[in-house]
Structures are given as C-alpha cells and as structure tokens.
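> If you scroll down you'll find the structure; I have some questions about it.
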Amino acid sequence: MSTSHLMGVYNRAPLEVDRGRGMRLWAKDGTEYLDCVSGISTNALGHAHPVLVKAVTDQAEKLWHVSNIFRIPDQEKLADMLCEHSFADVVFFTNSGTEAVECAIKTARKYHHHAGNPERIDIYGFDGSFHGRTYGAINAAANPSYTNGFGPPMEGFHQLTWGDHDALKAAIASPTTAAIIVEPVQGEGGCRAIPEHCLRDLRTLCDQHGVLIIFDEVQCGMGRTGKLWAHEWAGMQPDIMAIAKALGGGFPIGACLASEKAASGMTVGAHGSTFGGNPLAMAVGLAAFGELVKPELIQNVNEIAGYLKQQLHGLKERFPDVIADVRGKGLLIGVKLIPNNRDFMALARDEQHLLIAGGGDNCCRILPPLNITLEEAREAIEKFEGACEVARAQMKAAA
Ligand code: PLP
C-alpha cells in the first residue's frame with residue numbers, strides 16, 4: 001500500500017522543488033534546474049517575478065475574498081483590459097482552465113436556448129484535444145484515457161477526427177449543433193497547430209449555420225505563440241474563448257471571454273463561482289496581464305522561438321535516431337521523439353538538469369517563460385543536445 005495520503009492520480013517526478021527564480025528551480029537538496037516546463041505553460045513570466053510578488057503581497061495585506069455578491073473593482077478592471085485586447089465584450093472569471101471551458105460550453109448552449117433553439121445542444125471537439133478534467137471538459141475532448149470509468153458519455157458531446165473535413169462540415173450543418181470547441185494549437189496533444197486557412201474556413205462555415213466557435217486558449221493564449229492570442233495568426237475571431245494558465249503567472253485564475261451576442265443567455269443566476277474573480281487573484285491577474293500585453297515581450301517570444309526552432313531543426317539533422325519532428329508555434333514547442341518521451345524527459349532532468357514537459361504523440365514540450373533570454377535559450381539547447389547524446393548512447397547500448 002502507498003505510504004502517501006495523496007490520491008494517486010499523478011505520476012510524479014522524483015524531485016522535491018523548493019524554490020524558483022526566473023527560469024531556474026532549485027530542489028530541496030540544492031540541485032539547480034533549467035525550467036522549460038513553466039508549470040505547464042503557466043509561469044509565463046518566470047518564477048517569483050518581482051511585479052507579481054509585489055502585487056500578491058500588497059493585496060494579501062488588504063483583502064483576499066469577498067464573494068461576487070459585491071462589486072470587485074479589480075475584477076472590472078481586468079475584464080476591461082481583456083476586452084480591450086480581444087474580440088470579447090464580457091468576461092466571467094474562474095479559478096482554472098477547466099472551469100473556464102465549463103463556462104464556455106454552458107454559454108454556448110444557453111445562447112441557443114435563449115435564442116429559441118433549445119434543441120441545439122451538440123458540442124463537437126477534436127481528437128488529441130485536452131480541455132481539462134471536469135465532466136463537460138473530458139466529454140468535450142472525449143479522450144478515452146480521461147473518460148473511461150466515469151460512466152456513460154454525456155449527451156450532446158461528439159468527437160471529430162483532426163483533418164476530416166467532410167465530418168466537420170456535416171457536424172456544422174446539423175440543426176442540433178451548438179458549438180465547435182477547439183485549441184488553435186493543441187498543447188497536451190503534442191503541439192499540433194491547426195492550419196490558419198482551416199480556422200478561417202471554420203469561421204465562414206459556422207457563420208453560415210449559426211454555430212458558435214469556442215476556442216480553448218488556456219495553454220496557447222496570452223503570448224505563448226508569438227501573438228497575444230493564438231487565433232490572431234489566422235486573422236479571425238471566436239465567439240467564446242477559455243483562458244487560464246499564464247493569465248495569473250502561476251496564481252490560479254481562469255476566464256471565459258465572450259462576445260455580447262454569444263453571452264446573451266448568461267443572465268443573472270445562469271452561472272457563478274465562490275472564488276472566481278476574488279480580489280487576490282484579480283490583483284495578480286492585473287499585474288500579470290499588464291506584463292503579458294507588452295509588445296517587447298511578444299517580440300521576445302518571436303525572436304527566441306525563431307532561435308530555438310532553428311537550433312532544434314539542426315539537432316534533428318544531427319540526431320535523426322532521437323528526434324522525429326519539431327513542431328508547434330512560438331514558445332509552445334513540441335519535439336516528437338523516437339525513444340520513449342517519458343524516458344527522455346527523465347534523462348534530461350537527471351543528466352542535464354533540464355526540465356521539459358511531456359505530450360501526446362510521443363512528444364516532449366519545451367515551454368520556457370516568455371521572458372527567456374537568448375543566453376538561457378542557448379543553455380537550454382546545450383542541455384537538450386546533451387540529452388540527445390545520452391539517449392543515443394543508451395539506445396546503442398541496448399541494441
Ligand atoms: N485546456 C487546455 C488547452 C489545457 O492545456 C488545460 C490544462 O493543461 C486545460 C484546459 C485545463 O486547465 P486546468 O488544469 O487549469 O483546469
């Protein structure tokens with residue numbers, strides 16, 4: 001029997017993290033690591049960013065929580081900022097990505113109900129997607145490894161196969177379809193970016209049939225791909241969007257953004273949250289988002305992403321026995337591996353003190369903070385190269 005009292009739902013790395021600063025993490029035994037996980041795309045400004053530390057400590061002395069039955073000025077300010085920098089007219093704040101997705105799904109169904117079409121309940125997601133772990137979110141992504149054992153599939157959720165345009169067109173044309181939910185760049189699924197022209201076509205088709213588009217930019221939004229929102233690359237907009245992760249720079253915050261029209265059914269009592277949008281979270285969110293929208297940060301993402309991609313393609317040439325593909329967008333980088341990705345992550349951690357994340361399709365993900373310097377990027381590449389050498393040697397020894 002396990003000696004831990006934690007529910008055994010995580011396969012945790014044998015690493016006790018003690019503290020962090022910028023792109024560095026230190027374990028309890030003092031070992032230093034270069035962090036290309038960033039809390040899985042969450043610590044977008046690095047660890048212990050001084051602006052965020054100040055925001056959280058100042059607010060902690062003033063007010064933490066009051067409930068949404070009162071006005072929360074910073075919540076209104078952050079909503080204003082998000083709307084000013086996006087397609088959205090209204091925002092609902094949550095504590096996590098999956099709650100933001102849940103709100104997005106409810107907003108879409110309620111829109112059709114409110115418009116006199118209660119039969120329009122069907123939500124279509126894509127294979128390889130990840131939308132979080134609530135019932136709505138696991139059903140929207142419909143990945144069997146997350147839905148198995150949790151009872152029958154929820155009514156009104158369907159999965160489309162990536163690239164099956166005929167099935168997508170039929171889904172959009174169905175009179176019971178409410179919305180399509182999609183990550184413009186899949187994160188957990190292995191950094192697959194939807195081609196930009198496909199997103200534009202999706203917009204046209206959905207408009208023709210009155211179907212709403214929900215984007216899940218929980219992982220790919222807020223500057224990660226080299227634009228503030230990943231969908232900006234395609235020059236189109238969703239009706240509803242779920243965001244979280246980087247929005248709080250590591251503090252738990254999520255948000256569901258919507259156009260006024262898409263949110264027309266979300267009237268008093270339709271949704272709620274005790275903690276969502278609390279003053280402490282909003283103070284940090286304001287500070288973090290204020291940094292994330294700075295043009296110099298976005299420019300840094302594009303410059304460093306260009307360098308990393310070029311270097312990784314070079315490594316792919318030199319290590320064709322280790323690297324099968326380099327993909328993704330901006331600093332949401334996926335490297336499809338030939339050796340098992342879990343083994344590769346472990347050896348990168350133990351041999352090179354480089355932390356990288358896993359992903360679907362045997363990828364590892366490189367998700368550095370958005371303010372990573374060129375020097376840190378060089379160090380990350382050196383360590384990745386070292387990991388490729390060890391992996392090659394291990395494969396040769398095993399052959
Ligand atoms: N959506 C996407 C695209 C994600 O990557 C994640 C988390 O990894 C979620 C939703 C769920 O977010 P959370 O874990 O904050 O609930």
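> Could you work out the pair-distance distribution P(r) of the range 130-243 from its alpha-carbon pairs, with 5 angstrom bin width and percents rounded to whole numbers?
Values per bin, smallest distances first: 2, 11, 22, 24, 21, 14, 5, 1, 0.
> Give or take rounding to whole Å, what are the principal axis extents of the alpha carbon atoms in the range 327-399, in descending order?
Taking the Cα atoms of the range 327-399, the three principal extents are 41, 25, 16 Å.
> Further question: Express the accessible area of the chain per residue in Å², computed with a 1.4 Å probe while the remaining protein chains stay in the model.
Dividing the accessible area of the chain by its residue count gives 46 Å².
> Here's another thing I want to ask about it. Using a probe of 1.4 angstrom, how much of the accessible area of the range 50-292 is carbon and sulfur, in percent?
Summing carbon and sulfur atoms, their accessible area is 56 percent of the total for the range 50-292.
> Take the Cα atoms of the range 59-149, find their three principal axes, and give me the spread along each one in whole Å, biggest first.
Each principal axis gives a Cα extent; for the range 59-149 these are 45, 34, 26 Å.
> Moving on to the next point. From the P(r) of the range 201-305, can you give the percent of Cα pairs sitting at distances over 18 Å?
The proportion of pairs with Cα distances above 18 Å equals 56 percent.
> Please list, or write none, the aspartates and glutamates whose alpha carbon is within less than 18 Å of the alpha carbon of residue 62, excluding same-chain residues fewer than 8 places away.
74, 76
> Using per-residue counts of other Cβ atoms within 10 Å, averaged over each peptide, order 46-55, 267-276 from highest down.
Going from most to least packed, we get 46-55, 267-276.
> Can you give the relative contact order of the range 258-370 as a percent, counting alpha carbon pairs under 8 Å and 6+ residues apart?
Once divided by the residue count of the range 258-370, the mean separation gives 18 percent.
> Just from the alpha-carbon atoms, what are the Rg and Dmax of the chain in angstroms?
Reported Rg and Dmax, both Å: 21.2, 67.
> Next up: With all distinct Cα pairs included, what does the Kirkwood hydrodynamic radius of the range 1-85 come out to in Å, to one decimal, could you say?
For the range 1-85, the Kirkwood estimate is 16.5 Å.
> Using alpha carbon centroids, what distance separates the range 69-99 and the range 142-163, in Å?
So the separation of the two Cα centres works out to 30 Å.
> Could you check what % of the DSSP bridge pairs in the chain are antiparallel, to the nearest 5?
65 percent
> Let me ask something else. For a label point 7 Å from the Cα of residue 270 along Cα→C-beta, name the residues of the range 202-216 whose backbone N is under 17 Å from it.
211-215
> Using only protein heavy atoms and a 1.4 Å probe, report how much of residue 81 is accessible, in Å² to the nearest 10.
Answer for residue 81: close to 40 Å² accessible.
> Related question: On a 27 Å Cα-Cα criterion, which of the cross-link pairs 106/294; 169/316; 77/261 come out too long?
Table pairs above 27 Å Cα-Cα are 106/294; 169/316.
> Could you sort 22-35, 183-196, 381-394 so that the peptide with the highest average Cβ count within 10 Å comes first and the rest follow in order?
The most tightly packed comes first, giving 183-196, 381-394, 22-35.
> Percent relative contact order of the range 50-292, based on C-alpha pairs within less than 8 angstrom and at least six residues apart?
The value is 32 percent.
> Could you tell me the center-to-center distance, by alpha carbons, between the range 205-261 and the range 341-399 in angstrom?
So the two Cα centres are separated by 29 Å.
The values are calculated or read from the model by the stated rules, or taken from the named source; none is laboratory data. No experiment lies behind these values; they were computed from the predicted model shown. Please note: Cβ atoms are built from the backbone with ideal geometry, for glycine as well, and neighbour counts cover all protein chains shown. These area figures cover heavy atoms from the full protein model, side chains too; ligands, DNA and RNA do not enter into them. Shrake-Rupley method; radii C 1.70, N 1.55, O 1.52, S 1.80 Å.
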